[in-house]
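Written below as structure tokens is the structure these notes are about.
The values are calculated or read from the model by the stated rules, or taken from the named source; none is laboratory data. Just so we're clear, the structure is a prediction, and the values are computed from it rather than from any experiment. Note: ideal-geometry Cβ built from the backbone for every residue, glycine included; neighbour counts use all protein chains shown.
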Amino acid sequence: MKTAVRLVDGARQLNLHPSLDYIPQKLSVTSPPVREATEPRTDDDGERDSTTLFGGRAVSLEVVVVDEQVDCEVLLDQLKQFLHPRSRPYLYVTDDGWSQERRIRLRVDQWDEPYEGYKASQSRPVQLQWKAPDGIWEAVATVEETVNADLAGDPVGFTFPVTFPVTATATMSAGASTVVNLGGVPSHFSALLYGPCTGPRLINETTGEQIAFTESLVLGPGEYVEIATRERTAWLNSETSQSRLNFIDFDSTSWWRIEPGDQQIRYAPLDTAGAAAAVITYRPAWL
């Protein structure tokens, strides 16, 4: 059961439930369309299917505006502040079946506010329709994980020449940390990759993917590069005028996401000293 519904756009907020002025009747969030990536097999029946992505989704809300303390037109004007095409408000919803409050980002599509004669002065039904361009619900609260950098010379795997009897070393370095994503779909993230280090690399050991910089990128003590996987940006010390995308090793980099469940994540610069660490921030996400 939905126990709280509100619209938030920056510092602006409008409570729709519980409320004496707005009474939601129906909230509908459609499934996002699947973005098919298929091609016919030229040498066999069927087709090759490499589909992995989905699109945005539709969100609709039916609400009755009730004239208890304030005129309906005033209440409608407050609601319309969230309906400008350039606005990207969030719909925040609390459900007693969810472990935490969730939100979904919106862009207005259309709305309807029929006028029904004398009844209009007492209450007004309103139908609101949005597009949700990201296609997901995400947690309101962010999750932050700190992964300490590998120490220079950490052994990973075997050392050659091999001596017998063979002693197996850990397949994960001491710098690997377990990150648990409680969401149901992969989550984009941002990360602050701190120095002192050369060639910072953030590796998902579980999937084998990494975001890697070349040895030309050198970070001093206290310096960091901020990466964001959705926007695919890399800013030195979060300064948007100081992009470091030109230092990305694109041959070995994929802008991976944090998968649902457990995974091992490693911060493994090419060379490091001191207290280098990666601070990862993300929101669990659901369909």
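What do you reckon, is R86 modelled with pLDDT of 95 or more, surrounded by fewer than 16 Cβ atoms within 10 Å (Cβ to Cβ) and either assigned to a strand (DSSP E or B) or out of contact with any strand residue (DSSP E or B) (no Cβ under 6 Å at 6 or more places or on another chain) (or both)? Let's see the steps before the verdict.
Working: modelled with pLDDT of 95 or more: yes; surrounded by fewer than 16 Cβ atoms within 10 Å (Cβ to Cβ): yes; either assigned to a strand (DSSP E or B) or out of contact with any strand residue (DSSP E or B) (no Cβ under 6 Å at 6 or more places or on another chain) (or both): yes.
Yes: the conditions hold for R86.
Before we move on, is I203 of a type outside the set (K, R), under 27 Å from S99 (Cβ atoms) and assigned to a strand (DSSP E or B)? Step through it out loud before you land on a result.
Numbers: of a type outside the set (K, R): yes; under 27 Å from S99 (Cβ atoms): no; assigned to a strand (DSSP E or B): yes.
Criteria not met by I203.
Kindly indicate whether A234 is under 16 Å from E145 (Cα atoms), in the same structural domain as P196 (by TED's automatic domain parsing) and either more than 22 Å from the chain's Cα centre (by Cα) or not polar (S, T, N, Q) (or both). Let's see the steps before the verdict.
Numbers: under 16 Å from E145 (Cα atoms): no; in the same structural domain as P196 (by TED's automatic domain parsing): yes; either more than 22 Å from the chain's Cα centre (by Cα) or not polar (S, T, N, Q) (or both): yes.
For A234, the condition - under 16 Å from E145 (Cα atoms), in the same structural domain as P196 (by TED's automatic domain parsing) and either more than 22 Å from the chain's Cα centre (by Cα) or not polar (S, T, N, Q) (or both) - is not met.
Go through segment 3-19 and count every residue that is without any contact (Cβ under 8 Å) to a residue 60 or more places away in the chain, of a type outside the set (S, T, N, Q) and surrounded by 13 or more Cβ atoms within 10 Å (Cβ to Cβ). Before you say what the answer is, go through the steps one by one.
So in segment 3-19, the residues without any contact (Cβ under 8 Å) to a residue 60 or more places away in the chain come out as 10-11, 13, 15-19.
With of a type outside the set (S, T, N, Q) added as a condition, the list becomes 10-11, 16-18.
Among the residues that remain, those that are also surrounded by 13 or more Cβ atoms within 10 Å (Cβ to Cβ) are: 16-17.
Residues meeting the conditions: 2.
I'd like the residue in segment 20-60 that is touching a Lys or Arg at 6+ places or on another chain (Cβ under 9 Å) and over 21 Å from I136 (Cβ atoms) and, out of all such residues, is surrounded by the most Cβ atoms within 10 Å (Cβ to Cβ).
P24
Name the residue, out of S216, S252, that is more than 15 Å from D150 (Cα to Cα), out of contact with any strand residue (DSSP E or B) (no Cβ under 7 Å at 6 or more places or on another chain) and in a loop (DSSP other than H, G, I, E, B).
Values: S252 fails: out of contact with any strand residue (DSSP E or B) (no Cβ under 7 Å at 6 or more places or on another chain).
Unique residue meeting the criteria: S216.
So R124 passes all but one of these: (1) surrounded by 17 or more Cβ atoms within 10 Å (Cβ to Cβ); (2) outside any loop (DSSP other than H, G, I, E, B); (3) under 29 Å from the mean Cα position of the chain (by Cα). Which condition number does it fail?
(3)
Consider E138 carefully, then state whether it is in a strand (DSSP E or B) and loosely packed, with under 15 Cβ neighbours inside 10 Å. Working first, answer last.
On the way: in a strand (DSSP E or B): yes; loosely packed, with under 15 Cβ neighbours inside 10 Å: no.
Against the criterion (in a strand (DSSP E or B) and loosely packed, with under 15 Cβ neighbours inside 10 Å), E138 does not qualify.
Quick check on L16: is it modelled with pLDDT under 95 and either part of a strand (DSSP E or B) or outside the structural domain of G183 (by TED's automatic domain parsing) (or both)? Lay out the reasoning, then the answer.
Working: modelled with pLDDT under 95: no; either part of a strand (DSSP E or B) or outside the structural domain of G183 (by TED's automatic domain parsing) (or both): yes.
When the stated conditions are applied, L16 does not pass them.
Looking only at segment 170-192, how many residues end up being part of a loop (DSSP other than H, G, I, E, B) and at pLDDT 95 or above? Please lay out each step first, then the result.
First pass over segment 170-192, keeping only residues part of a loop (DSSP other than H, G, I, E, B): 170-176, 182-184, 186, 188.
Filter again for at pLDDT 95 or above, leaving 182-184, 186, 188.
Counting residues in segment 170-192 that are part of a loop (DSSP other than H, G, I, E, B) and at pLDDT 95 or above gives 5.
If R232 meets every condition in (1) without any contact (Cβ under 8 Å) to a residue 24 or more places away in the chain; (2) touching a Ser or Thr at 6+ places or on another chain (Cβ under 7 Å) apart from one, which number is that one?
The one condition R232 does not meet is (2).
Can you pull out every residue in segment 241-275 that is small (G, A, S) and either at pLDDT 95 or above or outside the structural domain of E215 (by TED's automatic domain parsing) (or both)?
Matches in segment 241-275: S241, S243, S252, S254, G261, A268.
Step by step: first the residues of segment 254-287, then only those that are touching an Asp or Glu at 6+ places or on another chain (Cβ under 7 Å) and of a type in the set (D, E, K, R), then the one that is surrounded by the fewest Cβ atoms within 10 Å (Cβ to Cβ). Which residue is that?
R283
Out of the residues in segment 219-249 that are assigned to a strand (DSSP E or B) and β-branched (V, I, T), which is nearest to F189 (Cα to Cα)?
Looking only at segment 219-249, we keep the residues that are assigned to a strand (DSSP E or B), and these are 219, 224-228, 233-236, 243, 248.
Remaining after also requiring β-branched (V, I, T): 225, 227, 233, 248.
On the way: V225: 14, I227: 8, T233: 11, I248: 17 Å.
Here the residue is I227.
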